[in-house]
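Mind looking over this structure? Questions follow.
The values are calculated or read from the model by the stated rules, or taken from the named source; none is laboratory data. Being a predicted model, the structure only gives us computed values, none of them experimental. When we count neighbours, we look across all protein chains shown, and the Cβ atoms used for this are built from the backbone with ideal geometry, even at glycine. Note: accessible area is taken over every heavy atom of the protein model, side chains too, but ligands, DNA and RNA are not part of it. Shrake-Rupley method; radii C 1.70, N 1.55, O 1.52, S 1.80 Å.
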Amino acid sequence: MSENITYFRQFTLMSRKEGTTPAEFKAHWSGKHADLAMKIPEFMQYVQRYEQCYPLEGNEFIEFPGGLKCDGLVVMDFKTLADREALLAAPGYMSVLGPDTIQFADPSKNQRVVAQRATFVEQPATQEVYFRQFTFMNRKEGVSPAQYKAHWSGTHATLAKSIPMFTEFVQNYQQCYPLEGDEFVNFPGGLTTDGLVIMEFKSLADREKLVNAPEYLSVLQPDTIQFADLSGIERVMVQRRRYF
């Protein structure tokens, strides 16, 4: 299934409360907190997609390029930026979630990033935990932001979906772009990217099979260098749970 509709995606980098273990943080956040959120009418009205991302097993944090790290990453999609603002301003939203958040997280350390998101490969929603790869992309020297996005979202995405192993192993394939008027997707700590690739796999083994497959490299790599700088690509792996 493919939707290829542009939404506005908010990433929230979460930090756990002092004295809270990683296991306690995850248990409260993925259980009680998620349940509370989905009982709020405004949350279900405005949020089109709600996900939580966790460190890989054995890792204490999700670590991004440049030393940026967090205990967990919230992903929420909205149809419009106005819908996002309406949710954040809704009295019922903060009055319910605010008091619960401080039981396991430190809201003063929360950091948000907003981008546009398009989906090219989409499997039916499930709460099964998948492995998500974030790839931070930078455009090739001499390529404008508009040229970069046009090639990446057009020729490149079409090529990727033409590879049988890609559609076999990739459960979800998304691209995130800067907001209109912005040159980059700006993360905290000065981390910037021209675009963020999101690919999801049922297992880490599936990811390894794809990224090492000759047909994957022989088709996509020659095209990637037409618009992106391969030397600037950096990847982050997490576990992801989608609630809706």
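Taking the alpha-carbon distance from LYS32 and a cut-off under 16 Å, which aspartates and glutamates remain once sequence neighbours fewer than 8 residues away in the same chain are dropped?
Result set, ordered by chain and number: GLU24, GLU51, ASP100.
Also, I was wondering about something else. Let's see if you can work this out: charge +1 on each Lys and Arg Cβ, -1 on each Asp and Glu Cβ, no other charges. What is the dipole magnitude of the range 165-244 about its Cα centre, in debye to the nearest 20?
Charge dipole, the range 165-244, about its Cα centre: 540 debye, nearest 20.
Run lengths n ≥ 4 of DSSP H only: what is the helix-derived mean residue ellipticity at 222 nm for the chain, with -39500 (n - 2.57) per run over all residues, to the nearest 500? Show your work: numbers first, answer last.
Details: 10 runs with 74 residues, N = 244.
Computed mean residue ellipticity for the chain: -8000 deg cm²/dmol.
On a straight-distance basis, which aspartates and glutamates could pair with LYS209 in a cross-link, Cα separation under 12 angstrom, same-chain partners fewer than 8 positions away excluded?
GLU168
Still on this structure, I have one more. Run the paramagnetic zone check for ASN110: 7 angstrom along Cα to Cβ, then residues of the range 46-82 with backbone nitrogen under 11 Å.
74
What does the accessible area per residue of the range 118-244 come to in Å², with a 1.4 Å probe and no ligands, DNA or RNA counted?
On a per-residue basis, 44 Å².
Right, next: Filter LYS39/LYS79; LYS140/LYS161; LYS39/LYS69; LYS79/LYS109; LYS69/LYS202; LYS39/LYS109 down to the pairs with a C-alpha to C-alpha distance above 28 Å, please.
LYS39/LYS69
Compute the distance from the alpha-carbon center of the range 211-244 to that of the range 163-184, in whole Å.
A separation of 9 Å, based on Cα centres.
Here's another thing I want to ask about it. Given N residues in the range 202-244, what is its alpha carbon radius of gyration divided by 2.2 N^0.38 Å?
Against the empirical 2.2 N^0.38 Å value, I get 1.46 for the range 202-244.
Expressed as a whole percentage, what fraction of the accessible surface of the chain belongs to carbon and sulfur atoms when a 1.4 Å probe is rolled over the protein heavy atoms?
The computed percentage sits at 51.
Calculate one ³J(HN,Hα) per residue across the range 43-49 by plugging θ = phi - 60° into the Karplus curve 6.51 cos²θ - 1.76 cosθ + 1.60, and present them in order as whole Hz with x for glycine and proline.
4, 6, 6, 9, 8, 8, 7
Charges only on Cβ, +1 for Lys and Arg, -1 for Asp and Glu: so what's the dipole of the chain about the Cα centre, in debye to the nearest 20?
260
Filter the DSSP H helices in the chain by two things, a Kyte-Doolittle mean of at least -1.0 and an axial alpha-carbon span of 30 angstrom or more, and list the hits by number.
The qualifying helices: there are none.
Compute the Cα gyration tensor for the chain, then decide on rounded, prolate or oblate, letting a ≥ b ≥ c be the square roots of its eigenvalues: rounded whenever a/c is under 1.5, prolate when a/b is larger than b/c in the other cases, and oblate in all that remain.
Prolate is the answer for the chain, as a/c is 1.5 or above and a/b outweighs b/c.
Averaging sequence separations of C-alpha pairs under 8 Å and six or more residues apart, then dividing by the length of the range 94-174, give the relative contact order as a whole percent.
Here the relative contact order equals 52 percent.
Only Cα pairs within less than 10 Å get springs; with that Gaussian network setup on the chain, which residue of GLN221, GLN175, GLN133 has the largest fluctuation?
GLN221
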